[in-house]
Every structure is written in structure tokens, then in C-alpha cells.
1. Are there any chymotrypsin sites (Phe, Trp or Tyr not before Pro) in the range 291-378 that are in a DSSP loop and have at most 11 other Cβ atoms within 10 Å? List them by number.
2. Modelled label-to-label distance, Asp189 and Asn231, 7 Å Cα→beta-carbon offset: nm?
3. Mind giving me the FRET efficiency for Gln299 and Glu419? R0 is 56 Å, r the Cβ-Cβ distance, nearest 0.05 is fine.
4. Using the structure shown, list the pairs from Lys25/Lys99; Lys292/Lys358; Lys110/Lys132 with a Cα-Cα distance above 21 Å, or answer none.
5. Kindly state, to the nearest 0.05, the FRET efficiency for Leu40 paired with Asp612, given R0 = 60 Å and r defined as their beta-carbon distance.
6. Under 8 Å for C-alpha pairs, at least 6 residues apart: give me the relative contact order for the range 256-339, rounded to a whole percent.
7. Stretched out fully, how many nm does the piece from Ile238 to Ile556 gain, at 0.36 nm a residue minus the Cα gap?
8. Report the GluC sites (Glu not before Pro) located in the range 255-300 that are in a DSSP loop and have at most 13 other Cβ atoms inside 10 Å of their Cβ, or state none.
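Here, each number is a calculation from the coordinates, and none is a lab measurement. Because the structure is predicted, anything quoted here is derived from the model rather than measured. Quick reminder, even Gly has a Cβ in these numbers, built from the backbone with ideal geometry, and neighbours come from all protein chains shown.
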Amino acid sequence: MTSLKNQNPRKKVQVSMVICDAEEKKHRSGVNAVQLDPHLDRLYSAGRDSIIRVHQHEKFIHGMEHHTDWVNDIVICCGGRNLISASSDTTVKVWNAYKGFCMSTLRTHKDYVKALAYAKDREHVASAGFDKAIYLWDINTLTALTASNNTVTTSSLTGCKESIYSLAMNPPGTVIISGSTERGLRIWDPRTCGKICKLKGHTETVKALVISRDGTQCISGSSDGSIKVWNIGQQRCIQTIIVHTDSVWALLVNESFTYLISGGRDKKVIMTDLKNIQNTILVCTEEAPILKMCFTADQQGVWVSTSSSTVRCWKLPTELHFKDDISFLSNQQISVIPGDAAIIKATVLNDKRHILTKDSAENVALYDVLRACRVQELGPVNYINEINTRNSEKLMYVPNWFNLDLKTGMLAIHLGQDEVDCFSAWVSAKEAGIKDHPEPDFKVNYGKLLLQALFEHWRGVQTDQENKVYFSVPRHIPLILSEIGGRTLYRVLVGDTAGDTENALLNETVPNWVISNIEDNTTTKFLKVQFYLKPDSSVPANLLKPDRLKKSDRLIANDFIQCRKVAEHVLDKLLGEGTATSPGSEGDVQSQTTNGYTLDQIQLLCADQPVDLLMDLRTVKHYMWKYSSDLVLHYKIFTK
């Protein structure tokens, strides 16, 4: 394995993993975008769980996994051969739509990429987001890129002063429009990158846009609840449509630009006759706010994605329902693609290895971080009671060694050395569940064990199988390297890290702090705790050495040292003939009897409460002492 000791300095890098099933067939969270390939009748849906899924006649075909955050928008291009996606991981990705693999990644944006626009006649796509920038891409150039060779020239449209949420471009690629938190529309000619005009009228963020084929009209939907029809040539609003009671987030228009379908936060999908905007029909009422819509292949239905994980298709009214006043029955569901529940709550248990979760269907489950898997499904039990029951089984304190988030509806675990040091959690082999270790008190490090498991298949990484200090994680687990608080550098499945291309990219991105611990077997420094050890007032003065009467011992020990060691220290150093050193240090003899006393005659007290000798010092300090000052322990002697 290539040494990385002299790699170029960059921002701090963290290592993450997502605990997921081998095949995530169902969306776990909201679906931000839907697109239909009418030739194959395949529906592409972009999930907040970072996965794009492909369905054909409601049957799951495959998932497209490469993003590491919400997928915010997708467009199908090149006659269905390719797909472009935009994500909150700040990237735009180019996919082989038929086979479902990522061909290349564009890292031009500096913040969330929220919207895409497609000029079908020219095979151009535009991307925009929170970095206020709009980039134009030639799709034929993009599809020629590879995962490693992805340098491409792009045109940019400048002038936006705030975050962009919506984007539209007409098929000939002569007009492009953006909507943002500026509460207005900005319009450009993408052929020259020249500004055409800015349209004002909304009072809140413009969340949705559609444009006519000839580029003369556009329609905008806003968080102010209104829909506005604009004449671009006249640079003015010609109609305002008020049919929703809350924010408008999704718009869809037929090819002749005569009927508008709108949806938003009020969960309603409404169809409006643009020739007579008073003529509206309720298509359906969804179970959650509407995020995006697309037509079915025959244009007689509409696919609707919402902030829930289920995608539904609804029957649309026809022109006859508008013209001849024929009543239309709302909520006629044609198809449904069921979603799965998202994890909405997660609590790290006291052992700092297991996580209890609750999902949007009220089901509770238990996960093992070291094995990166769900170990128990508990069903709809009381979440708080389950936490309390499991934490009360054994009082123990282990330092935090990872961060977690639920943004994608799944458990994402982050390891780093920033605010939370992933090497801070030392436990005994027995506490780690390593039953057949020759030394039950042998100390292992949770962070190191997990990193070794994540990089197990990477060249040169050796696990400590001789001492049976060894864990594995499933090969399908996504391994993600990213800048802390920033962009993703590389995503790979754990089982794929042995590949030649993957190995080369890992050599470039794995940070030194990981290398030094999994390759060089560097022993991380133990955390220390300072404490005072004082005799209780009941201890006879004649039992103490003369120097113990003058001063109390201020000691330093590893924070995972058991209090049994402290009691042994009392026997050997304070009551016996030994010299006063810290408990657990070299030369500390584990005496069975000293000065006639035995270990079971020693009682330790913290804040006047008896201490279990099997507790470690960090647990005593966390649960019993509870002060910021140095821990104080007293010892008593029971006479037989």
C-alpha cells in the first residue's frame, strides 16, 4: 500500500458509514423528484435517502447509489440512455440510466445543488443551488467523461445574489430562468450567457418554474402560496393564480401550455385551465406535502412524489371535464410504489456501541455500530422505556467516539478527531463481547476496531486475528470519506475497496490519522483521570503510614481502570509497605493480603455512596461525582 505520510495538506477528513440493507428497494424518506422515461415506461425517483430508484410498472428494477446526501433533482436525457442528478452533497452526477451506474461526478458547485433544467433539443443541462451559481453543461461532453477523468469546461451564469431553489430551460435552449430567495425570477439567454431581465412580484421564495417551448411565457410557484404567469417579452406578470392555501412547491404543464398542474405544502394536486384560470379541478389530496410531479407516458395520469416515502400515480381530468362541466371524481389512484419507514429518532446507549432507533412507523430497533447492522427489531414498543431498561442493566460510562445523523432516514456514523475523538473509547475485551480472548481485561479501542473493519479489504490492512480482537462489517456498507462539514471526497462500498481503481483513489483520500492507526498499528494514548484518594474518618490513624496523615494522595490513572485496582492500591501502598504510585502502574502488585487485610475489607466511597469495585473510574466520575473538579474517593476498612 502506498504510504500517504507526505500527502498534500487539506481540510480535516472524516470517515463515515451508512448502516443499510444489502438492497434498499424502497425509499426510506421523502422523494424530491420523479422523472419518467416514456419509451420504456420506467419511473426514476430521487430520494432524500441519497438513492435514485428505478421502477417499471411498479416493479423495482434497480437502485442507483453514489450520492451521499439528498438527491434533489434528476433529468433523463439522450433518449433515456443517461440521467443527470443534483444533490445536497454538492455534486452533479452523470449516470448510465439503463445499467444504473455512475459514469462521472462534477464537483463544480460549492454548496447544495438544488435544481436542474434540461434543453432537450440541444442536449444541454443547467444546474443551480445554494452557491448562487448556475452552470451550463453539454451532455454529450459529460457522457464522455469517466470516474477518474472528469475535467470539463462549463459556462456559468452570474448575477444571482441568493440561494437558487428552482430552474427551468425551454427545449431549444434559448431561455433559462431561475427562482431564488430573492423572491424574483432572473432570466438569461444561455447561448450568450447574457442577462435578459429580472421579474419581480412574489413575496416569498420561488420554489417551482415551468417555461413554454418557445420561451415566451413562464409560470412560477412560490412559498407565498401564489402561482404567477409571466410574459417574458413584456417582462410582466399577466395572471396570478390562487388555488393553494400554502406554499406552492411543484408545477407541471402540458406541451401546448394550456393546462397547469400544481402542488405544494397543502398536499393538494390541482389542475387549472390556463385559458380560464377560474376553471380548476382537484386531482387528489396526498398524505404529505407535494415535492415534484411528472406525467405518465399517455399523459392521462400524474406521478406525485411527496415528503413521505411512497410515490403514487393519480388519474387526471380530461379536457371534457373542463369544457362540458362533466364532474370529475378526485383521488382516483392508478398506481402506487410503497415506501419504507425512515429512522426519525436515535439514542446511543450507555455502552456507546449500541443504538436504539424509532422509525416513522413507530417501530423500535437495536443497531450494533461495530458490526454495522441491525441486531434486533422490537416492534412498536415504548421507546423511552426501552432506553431506560437497557441503560439500567449495567451502569457504565464510555466516552463518545462517533457522531451520527439521520438526514437520509438511515443511520450514518461519522468518525473523526475533531470535536469527538474516535479513539477515546477504550473498553475491556469482555465488555466488547470478545468472549474467547485469553485476557478478558485486555483493552480494545472501539474506533480502531471499526476503522479496521471498514478498511479490512483494502490492501495492507491487517486485523488482529491472533488476539481475536476482530470485527467485520457487511461488504455492502457504504464507506464515505469527506471533509468535516464539507464535501464528499470519495464513496465506495466496503467490499469494493480491494479493487485497483478503488485502491488508487483511497490512497489519495484516506487521511493520515486513519493510516497511522490501521496500517502502522499505532497505540493511541489512553485518557487519564486525576483523583484524590483519602481515608475515611473511621479509618484508625495507627493503620496509616505517617506521611498519609499529613497529605492525601493525588493520583493519575487511565480512566478505564477498575475501582478494584484502586482498592488494591489502598491495600498495598497505603496500608502496606509499598511505595505510593498510581493504581495500575508498573510494579503495582495485586496483593491478596496486606498488613492482615483483604480486598473484601476495603470499601470505596464517592460522595458518601459505596462504589462497586467493578466500576471503572470514568463511570464513577460521570455518574457519582458529577462535578467538574477532580474526583475524590474515600476508603473505609471493615474489620473482621
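1. Working: sites: Phe295, Trp303, Trp314, Phe322, Phe328, Tyr367; in loops: Phe328.
Nothing satisfies the criteria.
2. 2.1 nm
3. On the way: r = 53 Å, r/R0 = 0.94.
E between Gln299 and Glu419, to the nearest 0.05, is 0.60.
4. Working: Lys25/Lys99 16 Å; Lys292/Lys358 27 Å; Lys110/Lys132 9 Å.
Beyond 21 Å: Lys292/Lys358.
5. Numbers: r = 66 Å, r/R0 = 1.09.
FRET efficiency, Leu40 to Asp612: 0.35.
6. Here the relative contact order equals 22 percent.
7. Values: separation 318, 0.36 × 318 = 114.48 nm, distance 7.75 nm.
So the chain would gain 106.7 nm between Ile238 and Ile556.
8. Details: sites: Glu255, Glu286, Glu287; in loops: Glu255, Glu286, Glu287.
When the GluC sites (Glu not before Pro) of the range 255-300 are filtered for loop state and at most 13 Cβ neighbours within 10 Å, Glu255, Glu287 remain.
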